[in-house]
1. For the stretch 149-161, give me each residue that is more than 16 Å from residue 125 (Cβ to Cβ) and of a type in the set (A, V, I, L, M).
2. Among the residues of the stretch 27-49, write down those that are touching a residue at least 12 places away in the same chain (Cβ under 8 Å), charged (D, E, K, R) and farther than 15 Å from residue 64 by Cβ.
3. Which residue pairs have Cβ atoms under 8 Å apart, sit 6 or more places apart or on different chains, and have a first residue in the stretch 60-72 that is part of a helix (DSSP H, G or I) and a second that is among the basic types (Lys, Arg)?
4. Does the stretch 79-95 include one or more residues that are surrounded by 13 or more Cβ atoms within 10 Å (Cβ to Cβ) and part of a helix (DSSP H, G or I)?
5. Here is a list of conditions, (1) free of Cβ contacts under 8 Å to residues at least 60 places away in the same chain; (2) over 21 Å from residue 136 (Cα atoms), and residue 99 meets all of them except one; can you say which number that is?
6. What pairs come out if I take residues in the stretch 122-144 that are at negative phi and pair them with residues that are surrounded by fewer than 19 Cβ atoms within 10 Å (Cβ to Cβ) and assigned to a helix (DSSP H, G or I) whose C-beta lies under 6 Å away, six or more apart or interchain?
7. I'd like to check something: does the stretch 137-145 contain any residue that is touching a Pro at 6+ places or on another chain (Cβ under 8 Å) and crowded, with 21+ Cβ neighbours inside 10 Å?
8. Taking into account only those residues within the stretch 91-118 that are among the polar types (S, T, N, Q) and out of contact with any Lys or Arg (no Cβ under 7 Å at 6 or more places or on another chain), which is farthest from residue 169 (Cα to Cα)?
Amino acid sequence: MDLRNEIRNIKDFPKPGIVFRDITTLLKNPQALRYSIQQFKEHYKDKKIDLIVGPESRGFIFGSILAHELGIPFAPLRKPGKLPAEVEKEEYKLEYGTDSIEIHKDAVKQGDNVLVVDDLIATGGTCEASAKLIKKLGGNILGFAFLIELSFLNPREKLNGYDIFSLIDYKEE
């Protein structure tokens, strides 16, 4: 199955010159979603993953389904103020300004092998912050998995040394 055919491309969103890769069309197609998860499952089935972490919000979708399929726990990474228990926080730079993500301090155990799963990697800023958070809590980053990689933005530069697996690679806007 060619998953590119399941992604809707919206030009000039959220601003002129950007092509937004809309995954809602893939999510509406049970066969495409199932195929995506099976590709991830096949790739990671023999890895020793203790925990899957997914950034808000679409990382929740792919990460939790994959965790279920592999029979392992899932932990969400959230925007500030969304988690009720004690959190660890990491700031990261955006094109203009900064943002941050949080995770419950008890989400990652010392020595856990953690896979970070998200729908898309663009510049790698969120993933870099995710890796720092997981390391602060004593986890080991097993790798990063994405439905979509925008390789023309060079996200792997920020994740140098980490295993990165993506199902769809856009080499140009």
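1. None; the set is empty.
2. The answer is 45, 47, 48.
3. These pairs meet every condition: 66/41; 69/41; 70/41; 70/45.
4. no
5. Condition (2) is where residue 99 drops out.
6. 122/153; 123/153
7. Step one: of the stretch 137-145, the residues touching a Pro at 6+ places or on another chain (Cβ under 8 Å) are none.
No, the stretch 137-145 contains no residue that is touching a Pro at 6+ places or on another chain (Cβ under 8 Å) and crowded, with 21+ Cβ neighbours inside 10 Å.
8. 110
Where a number appears in this text, it was derived from the coordinates with a stated rule and is not lab data. Bear in mind that the values here come from a model prediction, so they are computed numbers and not experimental data. All Cβ positions, glycine included, derive from the backbone under ideal geometry; neighbour counts span all protein chains shown.
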